[in-house]
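A short reminder: the numbers here are calculations on the coordinates, not readings from a lab. Computed from a prediction, not measured in an experiment: that's the story for all the values here. Counting neighbours? That spans all protein chains shown, and the Cβs are built from the backbone with ideal geometry, glycine included.
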């Protein structure tokens, strides 16, 4: 079996906490079905790109991309479990390179991200389904945005997990970062209508680009700006990937 | 000649900032040999193992493992070694049986071979009662047993064991050591560190003693005892039980380093000249109207030699 397949399988079997994954799936559903419908009565339909959306539809698309952040956090957790339980050094003393090990965590995270997004999407389908306008090209862009978003947040979680000295600190810092990324993004509101400083911060956030492209791909509202967003997302993901590899190489064993 | 060596180390050093953890050590370990690597805490044992297993880059010097350079051929080395670390290592989401199976899978051992070896090892290491128990629910000793057994699911030519029996009871420990001996007879080489010196004596063909980052002796256990076991012990019993005046009389003798008494009333006299001390014990007992019921010279242990060696050539940090 291929070395990556072996390491990814191990990551998924050994380090995946089923209860955590369950709650990570439940979490976006609360936004979709509680917040979405709760606020839907007071927020009128509005235009996003070339599409007119209800607030529940708008929020449901954003909530699906939340799974991208959740999966990213899993990458850091996988690395922390291995470090805490002595398996990090054990694996590195096996027939693998550091690059293979770190890539296997990212690949496992990607699998989680795609599977979790698909599941949340299916559950949210009654909300999203009425306005969907999906083309093969739109599906491709959705796949690319989820891929890049997962790479960014996965490698971000790896970088902070390397930098921090305890798993407890990692949990606190990653939860805090999670909320910053979540609320300073276009998940809950259109960034273009936010006040200037928030708008600026929102447009630095890769979750904004992941969500915008995902949403546009679902509702047929793709604009040239979405392609620019995809380019920025790719650049940010590449930069974070390089940073995490650099940080990982400096882990003291 | 190089093909006969499992490990070849020349002037190897590792520094962390201004602190020297390993300071220019050199030694050779033959294939199918059990090579003990002993030293007090912080002597440099684990750092040396980390360099030989390619986890740490040396600061200077050269080391080859199974003929491959640790600096440039790390993967070739790692493909042919096994390591049981000093610290615990376990997959927290897996049960004992699955831990062994997935560890073998990671090493690309075919599934049929993995299943067979897992069964054999579970039986050999007496792990049946916790084969379905999750790693987090295992006791420290059970987890340690799993950690050692797991390493034998994959093939290797050289096994690094860094204090592998910590937390194991005496019966399990002997079982593990006997299994290691069997594997050595089949051609496995073992690089072994421990603080339990009886284990080293039982298992090792040769022993290197490291202290403050430097190797201070390399020899067979027998030769180390002969060369460095300067203090011997004379053990005796009295028909009358115990006698404090006799203890005081012996302690006053210039040839005696120490006199101690065990729980059953036997005396242990530490000395470098047991042949002179034995007549003195008889004379002192006579003067006090006591009778010696048994007396013998106790064999020098590796622990005596180790303590003497480390104290003589540099106190532990």
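Pick from B:166, B:34, B:247: which residue has the top mean-square fluctuation in a GNM of chain B where Cα pairs under 10 Å get a spring?
B:247
Fully extended, how many nm does the chain gain between residue B:57 and residue B:244 (0.36 nm per residue separation, minus their Cα-Cα distance)?
Difference between extended and current length: 61.5 nm.
Under the rule a/c < 1.5 gives rounded, and otherwise a/b versus b/c splits prolate from oblate, where does the stretch B:138-216 land using the Cα gyration tensor?
oblate
Among B:69, A:82, which comes first, second and so on when ranked by fewest other beta-carbon atoms within 10 Å?
The most exposed by this proxy come first: B:69, A:82.
Suppose R0 equals 51 Å. What FRET efficiency, 1/(1 + (r/R0)^6) with r the Cβ-Cβ distance, do residue A:37 and residue B:115 give to the nearest 0.05?
For R0 = 51 Å, the calculated efficiency reads 0.50.
Counting DSSP beta bridges in the stretch B:102-233, what percent are antiparallel, to the nearest 5?
Taking every DSSP beta bridge with both residues in the stretch B:102-233, the antiparallel ones total about 50 percent.
Taking each residue of A:9-19 in turn, how many C-beta atoms of other protein chains fall within 10 Å of its C-beta, and what is the average?
That works out to 4 on average.
Give the separation of the Cα centroids, the stretch B:242-278 to the stretch A:43-86, in Å.
Result: 78 Å between the Cα centres.
Using a 10 angstrom cutoff on alpha carbons, build the Gaussian network for chain A and name the most mobile of A:230, A:39, A:243.
Among A:230, A:39, A:243, the largest GNM mean-square fluctuation belongs to A:39.
Most exposed first by the Cβ proxy, i.e. fewest other Cβ within 10 Å, how do B:307, A:69 rank?
Ranking B:307, A:69 by Cβ neighbours within 10 Å, fewest first, gives B:307, A:69.
Work out the FRET efficiency for residue B:171 and residue B:260 from their Cβ-Cβ distance, taking R0 = 30 Å, and round it to the nearest 0.05.
Efficiency, rounded to the nearest 0.05: 0.55.
Which ordering of A:34, A:43 is given by a fewest-first count of other beta-carbon atoms within 10 Å?
So the residues, fewest neighbours to most, are A:34, A:43.
Using Cα atoms only, what is the angle between the long axis of helix A:3-14 and the major principal axis of chain A, expressed in degrees (0 to 90) to the nearest 10?
The two axes meet at around 80 degrees.
What shape does the stretch B:232-299 have by the C-alpha gyration tensor, where a ≥ b ≥ c are the square roots of the eigenvalues, rounded means a/c under 1.5, and otherwise prolate means a/b greater than b/c and oblate the rest?
rounded
Based on DSSP H runs of at least 4 residues, each adding -39500 (n - 2.57), what is the mean residue ellipticity at 222 nm of the protein assembly as shown after dividing by all its residues, to the nearest 500 deg cm²/dmol?
Calculated from helices alone, the mean residue ellipticity at 222 nm is -17000 deg cm²/dmol.
Mind checking A:82-93 for the average number of partner chain beta-carbons within 10 Å of each residue's beta-carbon?
If you average over the peptide's residues, the count of other-chain Cβ atoms is 6.
Let me make sure I get this right: for chain A, a, b and c are the square roots of the gyration tensor eigenvalues over alpha carbons, sorted descending. Under 1.5 in a/c it's rounded, otherwise prolate if a/b > b/c, else oblate. Which is it?
Note, shape of chain A comes out prolate.
For the stretch B:2-219, calculate the relative contact order in percent as a whole number, restricting contacts to Cα pairs under 8 Å that are 6 or more residues apart.
30
How crowded by other chains is B:87-96, given as the mean number of beta carbons from other chains within 10 Å of each beta carbon?
6
On a full-extension model of 0.36 nm per residue, what is the gain between residue A:45 and residue A:135, subtracting their alpha-carbon distance, rounded to one decimal in nm?
Length gained, residue A:45 through residue A:135: 30.1 nm.
Antiparallel as a % of all DSSP beta bridges within the stretch B:2-219, to the nearest 5?
Percentage antiparallel, nearest 5: 60.
Please compute the contact order of the stretch B:203-248 in relative form: average sequence separation of alpha-carbon pairs under 8 Å and at least six residues apart, divided by the residue count, as a percent.
24
Could you check what % of the DSSP bridge pairs in the protein assembly as shown are antiparallel, to the nearest 5?
70
Compare A:16, A:141, A:164 in a GNM of chain A, Cα atoms joined below 10 Å, and give the one with the largest fluctuation.
Answer for the Gaussian network model of chain A: A:164.
Averaging sequence separations of C-alpha pairs under 8 Å and six or more residues apart, then dividing by the length of the stretch A:3-249, give the relative contact order as a whole percent.
Relative contact order, the stretch A:3-249: 27 percent.
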